[in-house]
Each structure stands twice: as C-alpha cells, then as structure tokens.
1. Can you tell me, using C-alpha contacts under 8 Å and at least 6 residues apart, the relative contact order of the chain as a whole percent?
2. Using only helices, what value at 222 nm comes out for the chain when you add -39,500 (n - 2.57) per DSSP H run of length 4 or more and divide by the total residues, to the nearest 500 deg cm²/dmol?
3. Could you tell me which residue out of Thr81, Leu201, Ile92 lies farthest along the dipole of the stretch 79-201 toward its positive end? Charges go on the beta carbon: Lys and Arg +1, Asp and Glu -1, centred on the Cα centre.
4. If you add up the charges near Thr208, with Lys and Arg at +1 and Asp and Glu at -1, over every other residue whose beta carbon is less than 10 angstrom from its beta carbon, what do you get?
5. Largest first, how would His180, His136, His27, His69 line up by accessible area (1.4 Å probe)?
6. At 7 Å along the Cα-to-beta-carbon direction for both Leu68 and Glu154, put a label point, then send me their distance in nm to one decimal.
7. If amide H atoms are built 1.01 Å from N in the plane of the peptide, which residues on other chains or at least 5 residues away come under 5 Å of the amide H of Gly23?
8. Please report, for the Cα atoms of the chain, the Rg to one decimal and the Dmax as a whole number; what are they, in angstrom?
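The values are calculated or read from the model by the stated rules, or taken from the named source; none is laboratory data. Not measured: the values here are computed from a predicted model. Here Cβ is always computed from backbone atoms with ideal geometry, including for glycine, and neighbour counts include all displayed protein chains. Protein only, heavy atoms only, side chains kept; ligands, DNA and RNA dropped before computing areas. Shrake-Rupley method; radii C 1.70, N 1.55, O 1.52, S 1.80 Å.
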Amino acid sequence: MNTVETLAPLPPSTIIMTFHGEGVYAHKSLLGFQRIREYSAAQGNRVNLICILDCAEIFTTQTVKNYLHRHGNSTDQIIETGNGSPSASRNIGIDHVKTEFAGFLDGDDFFSANWVNEAVKLQTNAKTPTLCMPEHVVSFGRHIGIQPIVSSREIPKAQMINTHYWVSSSFSRTDIFRRHPYNETVGRQAKFAFEDWDFNLRCIASGTDIEPVPQTYLFYRRRDNSILQEHLQFNSLIPPSDFFLTLGL
C-alpha cells in the first residue's frame, strides 16, 4: 500500500513593508505581497504583514490602509511614524515582530511569489546564521538590468568595502535583525550612508553568511530621486564598523 508523505508546515514569518511616497507602486507591491501570502498559505505556511508608514504622503497612506481593510487579517499591523529614516522604520518594524523569521520589502518592491516560502526553507536547513537574498534582481526604471546575487562566501572581504553586492530586501531569523539593528545615524544628506550595505557588512563580521535563495526574484525600481541617489550625489561613505576590524583597518 502506497502512503502519501505529509510535509509539516514551516514556521510562520513576518514581512515588514516600509512606505514613504511610493504612490501607485504601493498598490502593485501590496498585490505582490498578496501573491507571496497566498503561495505560502497553499503550502500551509502563514505570513504576517507589518506596514510602516514613515512620513508617507496621503495617497500612499490611503492605499496601504485600503489594502489592509480589504485583505488584512488579525495579525497584520500598520504603524505610522515621522522618522524620515529607512533605518528607524526597519528597526521599529522588527520591534513589533512576533514570529521566528522576518524580512523586509520596500513599498515599491515586487518579489516572486515563492520568495518567503523558499527563504524559510533555506533558513530552517542552514547550519550557520544566514541572511537570505533573492537569487536575481531585475531592475527597471532609471536603470534596466538583471543582477545575480552571489554568496558572501564567494567574495573576498576586501572587495566588500568597495562594492555592495546585495540589496536591502533581506530575510532571516528575527533575532539576527535584533542583534544587528540598522544604523540610524545614516540618512539623507549625511556623510555616512548606505544603511543596508552597512547592515550586511556587520552581519558578515559577526559570522553570518549571505546566501541567495534559489529560483527567487526581486523586481526593483530604480529612481532618480531615491535616497540611494542622494547618497551617491553627496559622496557618502559607509560608516565604520566591526567589519573593518576583520580587515585590520
């Protein structure tokens, strides 16, 4: 007699979405999250949602609230802040997470539907602390291109201070984000910037590996007026951290 193996559901997870002035892109990104949630639910896995409205303009705010009114559930949260800081927004989001695993999406990001389900699988099988990234980043808008994400174990550490090989939309165990909060001293028109680059390097310095999740994709909007472009305009630098000590600097 043949038996059908029943896979145990994966642990629940939380996605933190940060919103500022995304406008119509916020709606598309929320629909993308809905695809993630439904894909995971079909596998028996729950994905919670925390929306951070940080100095968000009226249209974006109403878009997020309308989505939660129509599609949200009792585990979802909306948090309104006036920090004007991606770092502070992400840290506040992590403070409200109640699941073992968590990840970030910007309010104009769009991930493949399998992103969270496959990231949780990688996390539960990882032998060492791991920060998950999508396997491919498809850029549109100001720049168009496809970037494959490479494991941090394949890149010499000395190269990591000159080039940022990863993205801000990562996924990991919640305690990693709590042990390494985003640096809130960086921001617009600041000499020290690139909070996601700094965060990724500090994770590596602590012994965390950055790994791409097979067959996952991030569709990433490149804008002329983004915080990243401001950082580049003002020749900002990543702040000093323990990562530099690993290089003897």
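1. Worked out over the chain, it gives 22 percent.
2. Result for the chain, helices only: -10000 deg cm²/dmol.
3. Farthest along the dipole direction, towards plus: Leu201.
4. In short, +1.
5. His69, His27, His136, His180
6. Roughly 3.9 nm, to one decimal.
7. Amide H to amide H, under 5 Å and 5 or more residues apart or across chains, Gly23 pairs with Thr60.
8. 17.8, 69
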